[in-house]
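Everything on this sheet refers to the single structure shown next.
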Amino acid sequence: PVVIKGGQSFPGDDNIPFEEHFLEQTLDHFRFDDDRKFLQRYLVSDVFWTSPSAPIFYYTGNEGNIELFANNTKGMINLARDFGALVVFGEHRYYGLSMPFGKASLEPQNLVYLTVEQALADHASLVLRLKEKLSAPDAKVVAFGGSYGGMLSAYIRMRYPNVIHGALAASAPVLQMQGQIANNGELFSEICTATYATEGGEACPAGIREGFREFAHLAATGDYDTIAEKLQLCSPITSAADLQTLYFYLQNGYLYMAMSNYPWPANFLQPLPRWPVRHACEVYGTSTADDPLKAMGFSVGVYYNSTGKHSCLDYNEALASDLGLTAWTYQACTEMVMPVQSNGKTDMFLPVPWNFDAWAKYCQAEFGVTPRPGWTYLSFWGDRLDALSRVIFSNGEYDPWSAGGVMNSPNPSVVTLPIIQGAHHVDLRDSTPGDPETITTARDLERSVIGEWLA
């Protein structure tokens, strides 16, 4: 195998050796009067690479430190072993260590270069320069990604088919866009609710719904102390802003648990047991369920405190510390406008309608930008995917983001793969003996399709 020299050793998943490199990347790919550069980080492992003509598997890094994805994408690494592929994880600009303006990168005036188009150009140019460095001009490149990274893997196949031979877009909600998704994304909340019903019976989402209703009643009467006591909060509620923060803390705990409802313990966003939704539903089969808000504290605590290390719930804590939330919020304020709403009837949450005007006002106040909701449809084809080829769109049954996934293949070259008992990009995670047959079958199909692409 070719040995890539000059990089720092980086321990990846299962101690598979990665080397850390930095590429001098163009800051603005679409201007010719600005030659400023920044350092884009990427990780490389040639452990399985059999020759310069063997394939390259490239992960299109998304909204976080690239090591987070390198350590949680063993499914791609397993496929690299099967196909003798070079493994590369490219970090997304403005995340991790790929910060164009250093510590000042997240200041509003410096965020103007944070776009999907710039990130795709980064990934594509990195691939070409790496192939040149390794004297591997004939190596076919397959892009991989999960969630926003899955969107990027599909987009890069659209935008740079001369560079990317095929793509596995796992849990990629490319249709969850303002103006494209039906009912402002209500299906997202409904899928989450259905996951709790499937895993814990109808009593589970019904109990959660009652907990939210009690929360709303106590909030309306100003009884903040009872809310804090029943939920065992670490800090008191002192304002309407605190109430809003707490509500979304509770809601997001349930959403993220559904996304992370894997058949094995995971530590991707928070430390979680196997099938965490089942654990979250257990309380609704006990007498504690008679006190809906108290039961909610135990239930959502599976997400925020599954280790039992904390004596209270800190509703000001970050959902996932390794994700770049400021940069992602900026992206959601520009191109990635992805509506989600709940109605409290067909889902287990309180009625919270999507309000684009309020979101746009927030974006103006926070970053000085106005969302452009139709842009992704123009730039990345929306649901008109007839011309797309060699892409797998996989979506898990339990994943709320499957609401915006591609479920109907536009042509025989695009494979749509629904995964029963699957959570958020479960197919990119490691294989285990306890995997349901549905997940194993999905991975086998992906291996077969990729093999056809590379033949």
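Where a number appears in this text, it was derived from the coordinates with a stated rule and is not lab data. Just so it is clear, the model here is predicted, and its values are computed rather than measured. Backbone-built Cβ (ideal geometry, glycine too); neighbour counts: all protein chains shown.
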How would you classify segment 362-455 from its alpha-carbon gyration tensor, with a ≥ b ≥ c the square roots of the eigenvalues: rounded for a/c under 1.5, else prolate if a/b is greater than b/c, otherwise oblate? oblate
Projected area averaged over orientations for segment 287-443, convex hull of C-alpha atoms, nm²: 13.5
With the crude spin-label approximation of a point 7 Å out along Cα→Cβ, what separation in nm comes out for ALA358 versus ASN252? 1.6
Please go through the residue pairs LYS230/LYS361; LYS74/LYS131; LYS103/LYS361; LYS74/LYS361; LYS37/LYS361; LYS294/LYS361 and name each one whose alpha carbons sit more than 31 Å apart in this structure. LYS230/LYS361; LYS74/LYS361; LYS37/LYS361; LYS294/LYS361
Unit charges on C-beta of K, R, D, E only; dipole of the chain, Debye: 880
What length, rounded to one decimal in nm, is gained on full extension from THR326 through to ARG278, with 0.36 nm per residue of separation minus their alpha-carbon distance? 14.1 nm
For the chain, which span is the longest to avoid every loop-located (per DSSP) member of trypsin sites (Lys or Arg not before Pro) having at most 14 other Cβ atoms inside 10 Å? 37-273
Using the Karplus curve 6.51 cos²θ - 1.76 cosθ + 1.60 with θ = phi - 60°, work out ³J(HN,Hα) for each residue of segment 421-434 in order, rounded to whole Hz, and write x for Gly and Pro. 6, x, 9, 5, 5, 4, 5, 8, 7, 5, 7, 9, x, x
So if R0 is 25 Å, what FRET efficiency would ASN411 and GLU366 give, r being the distance between their Cβ atoms, rounded to the nearest 0.05? 0.05
Only helices counted: for the chain, with every DSSP H run of 4 or more residues adding -39500 (n - 2.57) and the sum spread over all residues, [θ] at 222 nm is -11500 deg cm²/dmol
If I model a spin label as a point 7 Å beyond the Cα along the Cα-Cβ vector, how far apart are those points for ASN343 and GLU452 in nm? 3.9
Straight-distance crosslink candidates among lysines, where the alpha carbon sits under 18 Å from LYS133 and sequence neighbours closer than 8 are dropped: LYS5
How many angstrom lie between the C-alpha centres of segment 127-145 and segment 208-263? 48
Counting pairs of alpha carbon atoms under 8 Å apart in space and at least six apart in sequence, what relative contact order in percent does segment 213-298 give? 27
Just check segment 264-313 against the gyration tensor rule for me: Cα atoms, a ≥ b ≥ c as the square roots of the eigenvalues, rounded for a/c under 1.5, and otherwise prolate or oblate depending on whether a/b exceeds b/c. oblate
Cys residues of the chain with no disulfide-compatible partner (no other Cys Cβ under 4.7 Å) are CYS192
Starting from the Cα gyration tensor of segment 135-270, take the square roots of the eigenvalues, sort them a ≥ b ≥ c, and report rounded, prolate or oblate (rounded when a/c is under 1.5, otherwise prolate if a/b is larger than b/c, else oblate). prolate
Listed highest first by mean packing, meaning other Cβ atoms within 10 Å per residue, what order do 406-414, 61-69 come in? 61-69, 406-414
If each K or R counts +1 and each D or E counts -1, the residues other than TYR42 whose Cβ falls under 9 Å of its Cβ total -1
How high is the relative contact order of the chain, in percent, counting Cα pairs under 8 Å that sit 6 or more residues apart? 18
In Å, what is the Rg of the alpha-carbon atoms in segment 206-358, and how long is Dmax? 15.6, 47
